[in-house]
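J.: The structure that follows is given in the form of structure tokens.
The values are calculated or read from the model by the stated rules, or taken from the named source; none is laboratory data. Everything quoted here is computed from the prediction, not taken from an experiment. Every residue, glycine among them, receives a Cβ derived from its backbone with ideal geometry; neighbour counts consider all protein chains shown. The area values use the complete protein model at the heavy-atom level, side chains included, leaving out ligands, DNA and RNA. Shrake-Rupley method; radii C 1.70, N 1.55, O 1.52, S 1.80 Å.
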Amino acid sequence: MALGLRLSDEVSGDLRPPLRAFKAYIETLVTNWDLLDPSQRDELLQSALKRVDELEVTIQALEARLEAAEVQRRAFRASAS
């Protein structure tokens, strides 16, 4: 269970920063759309897109870590039997 909790904390820690940044860009666009000139809107949208790309990479890395942990867990169980 400790491994599951540790992994959950790691996943939360890895996902929160890009999600917060993405949310901030979207909130800024929604609340200030009429106040922003087109170049500012474009910059915010490009930044939000970059954060989504970073989030995708983070998720792929987390999936790889989960897969590696599962392989280790299975190897441990097989050696313990």
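J.: With the requirement that a residue be in contact with a helix residue (DSSP H, G or I) (Cβ under 9 Å, 6 or more places away or on another chain) and either open to solvent by 40 Å² or more (accessible area, probe 1.4 Å) or closer than 12 Å to Val52 by Cβ (or both), what does the range 25-36 give you?
T.: To start, the set of residues in the range 25-36 that are in contact with a helix residue (DSSP H, G or I) (Cβ under 9 Å, 6 or more places away or on another chain) comprises 25-26, 28-29, 32-33, 36.
Once the filter is applied, which keeps residues that are in contact with a helix residue (DSSP H, G or I) (Cβ under 9 Å, 6 or more places away or on another chain) and either open to solvent by 40 Å² or more (accessible area, probe 1.4 Å) or closer than 12 Å to Val52 by Cβ (or both), the range 25-36 yields Tyr25, Ile26, Thr28, Asn32, Trp33.
J.: Looking at (1) loosely packed, with under 10 Cβ neighbours inside 10 Å; (2) modelled with pLDDT under 85, can you tell me which one Val11 breaks?
T.: (1)
J.: For the range 52-66, check the following and say yes or no: at least one residue is surrounded by 14 or more Cβ atoms within 10 Å (Cβ to Cβ) and outside any helix (DSSP H, G or I).
T.: no
J.: Considering only the range 15-41, state which residues are more than 30 Å from Leu62 (Cα to Cα) and of a type outside the set (Val, Ile, Thr). Break it down stepwise before answering.
T.: Initial filter on the range 15-41 (more than 30 Å from Leu62 (Cα to Cα)): 30-41.
Within the range 15-41, Asn32, Trp33, Asp34, Leu35, Leu36, Asp37, Pro38, Ser39, Gln40, Arg41 meet the criteria.
J.: Out of Ala69, Ala75, report the one residue that is open to solvent by less than 80 Å² (accessible area, probe 1.4 Å), under 21 Å from Arg16 (Cβ atoms) and among the small types (Gly, Ala, Ser).
T.: Step by step, each of Ala69, Ala75 is checked, and only Ala69 is open to solvent by less than 80 Å² (accessible area, probe 1.4 Å), under 21 Å from Arg16 (Cβ atoms) and among the small types (Gly, Ala, Ser).
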